[in-house]
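Participant: Below you will find the structure I want to go over with you.
Nothing in this text is a laboratory measurement; each read-out follows from the coordinates by a stated rule. It should be emphasised that the depicted structure is a prediction, and the values quoted were computed from it without experimental measurement. Please note: Cβ atoms are built from the backbone with ideal geometry, for glycine as well, and neighbour counts cover all protein chains shown.
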Amino acid sequence: MTSRMAALRTNPWVFRVLLVVLALAFVSSLALRFGASSATAGNGYRVPQSARLEALTGIRISQAALVGDGGLIELRYTVLDTQKATRFQNDTKHPPVIYNERDRSNAVYRTALMKQGHDLRPGQSYFILYENNHGVVHRGDTVEIDSGDGKLTSVPVR
């Protein structure tokens, strides 16, 4: 046994300091992991809203983000009206189309619309995944989301 190990065993103060340091590291890693994703107001990310789109579809778009190493676009939305949102989600043949406002010549339309196996709940978040075909959308771009019922413009991409 080395002298350092002997000091740890015989001096309870060293053990307590080590325990406190490990606890602080654990709490800070949890805060970074879960606090950063929920605190969108503090980092300046803001999605515009459209009362017309929300009234027609029963959803509010809350985020557009590149995921999967930039190969996928996650469009996250919150349910406002369960009946309208259920109609929106059941219409798998006509999902919203995403246009990059920088270059509207290419549309992003290939989706994996995940129909939920349960009833939608107001206030709950859901998502649609899009294939970012040909890398049309990049982080920092703004996109237009056209649902057929209405449009939402100037949505920033994370």
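Participant: Give the whole-number value, in cubic angstrom per residue, of the convex hull volume spanned by the C-alpha atoms of the stretch 54-129.
Facilitator: Cα-based convex hull of the stretch 54-129, divided per residue, equals 102 Å³.
Participant: While we're on this one: Could you give the nm distance between label points at Ser154 and Ala23, where each point is 7 Å from its Cα heading toward the beta carbon?
Facilitator: 4.8 nm
Participant: Work out the FRET efficiency for Glu101 and Arg16 from their Cβ-Cβ distance, taking R0 = 41 Å, and round it to the nearest 0.05.
Facilitator: 0.15
Participant: Mind checking the dipole of the stretch 118-158: about its Cα centre, +1 per Lys or Arg Cβ, -1 per Asp or Glu Cβ, Debye to the nearest 20?
Facilitator: My answer is approximately 200 debye.
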